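Taking it in order: structure first as C-alpha cells, then the write-up.
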Amino acid sequence: MGDLKTNLGTVVKSARKNKKLTQMELSEELGITPRYLQAIENENKTPSYSLLLHILSYLDIPADRVFAPHECLLSPELEQLLYFIHYKCNQREISVLLSTAKALVNTREEEN
C-alpha cells in the first residue's frame, strides 16, 4: 500500500505542475487546505475516496496511472490523450479527432 500512496503523490504533483497550478490554486479548487494537498503530494497522505475522485477528475488523471502504474505501457501523454477522448469528448468530437489522425498519418505516409 505504501507504493500506491507514493505513486499517488507523485502523479498528483506531476499533473498539477503540467496544468501549471500552484498548490494554493489546486487546493482551493478541491476545497482543501494547501497543507493537506502538500501532505498528499509529499507525505503519502491518503485522501478520502470522494476527494481522490475529484483530484483524478480535475487533473485528468486516468485511474490506472495511480492504481496500476506497472501495467501502464503508454506514455503519460498518450494516456492523457486517451483519457480526454474517452471521458471528455462527445461522439462528434471523436469523429473529428479520428479524421484528423487519419489525415496526419496519410500525409506522413505520402511524404515518405
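The table below lists the values:
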quantity: Among (1) under 26 Å from Leu8 (Cβ atoms); (2) surrounded by 12 or more Cβ atoms within 10 Å (Cβ to Cβ); (3) among the acidic types (Asp, Glu) - the single one Glu77 does not satisfy; calculated: (2)
quantity: Number of the exception - Ile94 against (1) surrounded by 12 or more Cβ atoms within 10 Å (Cβ to Cβ); (2) within 20 Å of Leu8 (Cα to Cα); (3) without any contact (Cβ under 8 Å) to a residue 40 or more places away in the chain; calculated: (2)
quantity: Among residues of the stretch 85-94, those that are in contact with a helix residue (DSSP H, G or I) (Cβ under 9 Å, 6 or more places away or on another chain) and within 10 Å of Asp60 (Cβ to Cβ), counted; calculated: 1
quantity: Inter-residue pairs, beta-carbon under 8 Å, first at positive phi and in the stretch 52-76, second of a type in the set (A, V, I, L, M) and modelled with pLDDT of 90 or more, 6+ apart; calculated: Asp60/Ala15
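The values are calculated or read from the model by the stated rules, or taken from the named source; none is laboratory data. Just so it is clear, the structure is predicted and the values come from calculations on it, not from any experiment. Counting neighbours? That spans all protein chains shown, and the Cβs are built from the backbone with ideal geometry, glycine included.
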